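The values are calculated or read from the model by the stated rules, or taken from the named source; none is laboratory data. Note that the coordinates shown come from a computational prediction; the quantities given were computed from them, not determined experimentally. Heads up, the Cβs are rebuilt from the backbone with ideal geometry, glycines too, and the neighbour counts pull from every protein chain shown. Each accessible area value is taken on the protein alone, full model and side chains, heavy atoms only, with ligands, DNA and RNA left out. Shrake-Rupley method; radii C 1.70, N 1.55, O 1.52, S 1.80 Å.
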Amino acid sequence: LKSVYVEGIRNVAEQDIEHAVSLGYRIKLLAVIKRVGGEVEIRVQPTMVPIDHMLASVGGVYNAVMVEGDIVGQTLFYGRGAGRLPTASAVISDLAQAARNLVNQSPRRVPTRLQAQPTEKIRDIGAIEARYYLRASLMDRPGVLGMIASVLGAHHVSIASVVQKEVRAGEYVPVIIVTHRAKEREFEAAIREIDSMREVGAKTVRLRIEDLRNT
C-alpha cells in the first residue's frame with residue numbers, strides 16, 4: 001500500500017468542475033492501474049475524463065470498474081457501491097457463500113494468503129506521463145502569462161491551450177492551462193517554481209487528464 005500514490009478531492013473547487021465541463025471533461029475520482037513496460041503504475045486521484053466516455057456518466061452511489069484488454073477493448077462493470085441495501089446485499093452474499101463453502105466442505109476454496117511481493121516493480125509516480133489541467137491565480141498584468149509559459153517550457157512542459165475567463169486589471173485572476181503529455185516529475189517541479197513567484201496569488205490547482213477512448 002505504501003507504494004500506491006493517493007490524492008483526494010480536497011483541492012478540487014466548483015470552478016474546476018465548471019472549467020472541466022467547458023473543456024469537454026468531467027472530474028472523477030479514479031483508481032488507475034496500468035502496465036507500462038515491465039512496471040505497474042498504480043495511483044488514486046481526481047482525474048479529468050472525456051465527457052462522452054462511459055466513465056464520465058457514473059455518479060451518485062454508483063461505482064464502475066473499467067478493464068481494457070488488447071483484444072477485447074474496454075469493458076465496464078457498473079453498479080451501486082454505497083447505501084444500506086447494496087451494502088446489505090454484499091454482506092448477505094458473502095455470508096451465503098461462506099455457508100455454502102462449509103456445507104460443501106470447501107472452506108478454504110479461496111486462498112487466504114497473497115503473494116508477499118509483487119511480480120512487477122511499482123512505477124514511481126514521478127515517472128508517469130500524462131496531460132495536465134492547471135488553474136493558476138495570476139496577477140493580471142502584461143508579461144505574467146509569458147513568465148508562466150517560460151517556467152513550464154524550461155521544465156519540458158508544453159502548453160496545449162490557455163483560457164482566461166475574467167479580466168480585472170491589477171487583481172489576481174484564474175488562468176486555465178491544459179498541457180500536452182509531460183513527465184510528472186518535471187511538471188511538479190514547474191508547479192513548485194510557479195507557486196514561489198510573487199505574481200501568483202494562491203497555490204496552483206492541477207489535475208491529471210486521462211484521454212480514454214470509447215470502443
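Assorted remarks:
- Qualifying positions in segment 58-74 - over 19 Å from the mean Cα position of the chain (by Cα), assigned to a strand (DSSP E or B) and on the phi < 0 side of the Ramachandran plot: Gly69
- Members of segment 23-40 found to be open to solvent by 40 Å² or more (accessible area, probe 1.4 Å) and free of Cβ contacts under 8 Å to residues at least 60 places away in the same chain, listed by number: Arg26, Lys28, Leu29, Ala31, Ile33, Lys34, Gly37
- The requirement of being charged (D, E, K, R), open to solvent by less than 70 Å² (accessible area, probe 1.4 Å) and farther than 16 Å from Ala130 by Cα is fulfilled nowhere in segment 41-49; no residue meets it.
- Residue count for segment 67-88 under the criterion of being hydrophobic (A, V, I, L, M, F, W, C) and either in contact with a Ser or Thr (Cβ under 7 Å, 6 or more places away or on another chain) or surrounded by 16 or more Cβ atoms within 10 Å (Cβ to Cβ) (or both): the result is 1.
- Single unsatisfied condition, Val163 versus (1) part of a strand (DSSP E or B); (2) closer than 27 Å to Val32 by Cα: (2)
- Test: residue in segment 99-119 that is surrounded by 12 or more Cβ atoms within 10 Å (Cβ to Cβ), assigned to a helix (DSSP H, G or I) and at pLDDT 90 or above: no
- Residue among Leu55, Leu29, Leu95 that alone is in a helix (DSSP H, G or I) and touching a strand residue (DSSP E or B) at 6+ places or on another chain (Cβ under 8 Å): Leu55
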